[in-house]
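A quick write-up on the structure given underneath.
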Amino acid sequence: MIKIDKSASKPLAQKTAINLRHFRVFVAIAEAGNFTRAAEQLLLSQSSLTITIRQLEAELGVSLLRRTTRKVEMTSDGERFLTDAKRIVDDFDRVITTMRLSASQLSGTVRIAVLPSIAIRLLPDIISKFHQKHTDVRVVLRDDNARGLHRQVREGEVDFGISNQWFDYPELEYLPLTQDQFGLVCRQDDPLAQTGEPVPWHSINSDRLFILAPDTGVHVALKETPELDNLLTTTAGEVLVMVTLLEMIRVGLGVTVLPKLAAPGPEDAGLVFVPLVQPVVNRKLCLIRRRNEPLSVGARRVWDALRAQVPKSFN
């Protein structure tokens, strides 16, 4: 008698080229409603998102998204797929975050993503005092612009961050820390610096105004004030790097506006900071962490030290 091994006749699980990137891209597009916003959130190009979605649909053999001229809609297959896709992404992120948190607790290392102005002007003295009391905790600062800083916090590369809110990410929570008044930065011999008084925003000639690019928290903070729309849409130009911006002002190409913490200090004798009024505009800085995730013991100590020692405002 010949025995047939029925288990051998069962087909093996079909191999797939789908990976976590495909799930993450699909969820981002579904939640954002279009490719542009999803690309900004993921820091990817729209063409990369398009290719990724096409690969995913090809592997699944179904159409997940229906594209129109103005927005992206999910098909019925896409709506069914979204629930499982979100669960997979959330479970993956939770596992990675838990392991990183565990490693941080064991090593006594606290990683903080900060804006460059915060790293230079706000934290050195506070961190120095903290180390005197907590020699077992090592603090690592990772300076970045607002876009990159939020990405670091969201992806669990750091314990928390310090910035103004660059984008309304539902998975992040923001605890107000301090506010930082905007002022005019110009040469000492600039006519706007001669009165010794605060300068009204309307006194600035937009043809002479250079501002930081949209990737920065400074740009986002300015855009939150509707009264400045006309001024900000007719500027002389946008600059991504602070060093470049200040050098342009230093050689007399124009003026700029910066929060006090980001402005040149007294050691830079060629430039001055003049508070701006009518209206008074502040950059609202926050402690930023992942929602519903506990901080390590060391991170909580640093978090509490910052809340206790940082002044409520800089003006």
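Before moving on, here are some points about what is shown:
- Annotation: of all residues in the range 216-253 being more than 25 Å from G270 (Cβ to Cβ) and not in a helix (DSSP H, G or I), the one that is nearest to the chain's Cα centre (by Cα) is E224.
- Among the residues of the range 266-308, those that are polar (S, T, N, Q) and either on the phi > 0 side of the Ramachandran plot or loosely packed, with under 14 Cβ neighbours inside 10 Å (or both) comprise Q278, N292.
- For the range 113-142, the candidate set comprises residues that are part of a helix (DSSP H, G or I) and of a type in the set (S, T, N, Q); within that set, the residue that is nearest to the chain's Cα centre (by Cα) is S117.
- In the range 298-312, the residues that are closer than 13 Å to V139 by Cβ form Cβ pairs under 6 Å with partners that are of a type in the set (D, E), at six or more places apart or across chains, as follows: A299/D159.
- Looking only at residues of the range 143-172 that are modelled with pLDDT of 95 or more and part of a strand (DSSP E or B), we find that the one that is farthest from L258 (Cα to Cα) is L172.
- Boolean, S63 is within 27 Å of the chain's Cα centre (by Cα), surrounded by 12 or more Cβ atoms within 10 Å (Cβ to Cβ) and touching a residue at least 12 places away in the same chain (Cβ under 8 Å): no
- Pairs, first on the phi > 0 side of the Ramachandran plot in the range 15-28, second part of a helix (DSSP H, G or I) and modelled with pLDDT under 90, C-beta under 6 Å, six or more apart: none
- If only residues of the range 220-235 that are free of Cβ contacts under 8 Å to residues at least 60 places away in the same chain and surrounded by 17 or more Cβ atoms within 10 Å (Cβ to Cβ) are counted, the one that is nearest to L258 (Cα to Cα) is L222.
- Residue match in the range 92-112 (condition: assigned to a helix (DSSP H, G or I), at pLDDT 90 or above, in the same structural domain as E157 (by TED's automatic domain parsing) and in contact with a strand residue (DSSP E or B) (Cβ under 7 Å, 6 or more places away or on another chain)): no
- Residues satisfying the stated conditions in the range 247-294, i.e. of a type in the set (A, V, I, L, M) and at pLDDT below 90: A269
- The listed residue being exposed (fewer than 15 other Cβ atoms within 10 Å of the Cβ) and touching a strand residue (DSSP E or B) at 6+ places or on another chain (Cβ under 7 Å), out of R138, R80: R138
- Selection from the range 239-261 of residues that are within 26 Å of T178 (Cβ to Cβ) and surrounded by 15 or more Cβ atoms within 10 Å (Cβ to Cβ): V239, M242, L245, L246, I249, V255, T256, V257, L258, P259, K260, L261
The values are calculated or read from the model by the stated rules, or taken from the named source; none is laboratory data. Every value quoted in this text rests on a predicted model; they were computed, and no experiment measured them. Every residue, glycine among them, receives a Cβ derived from its backbone with ideal geometry; neighbour counts consider all protein chains shown.
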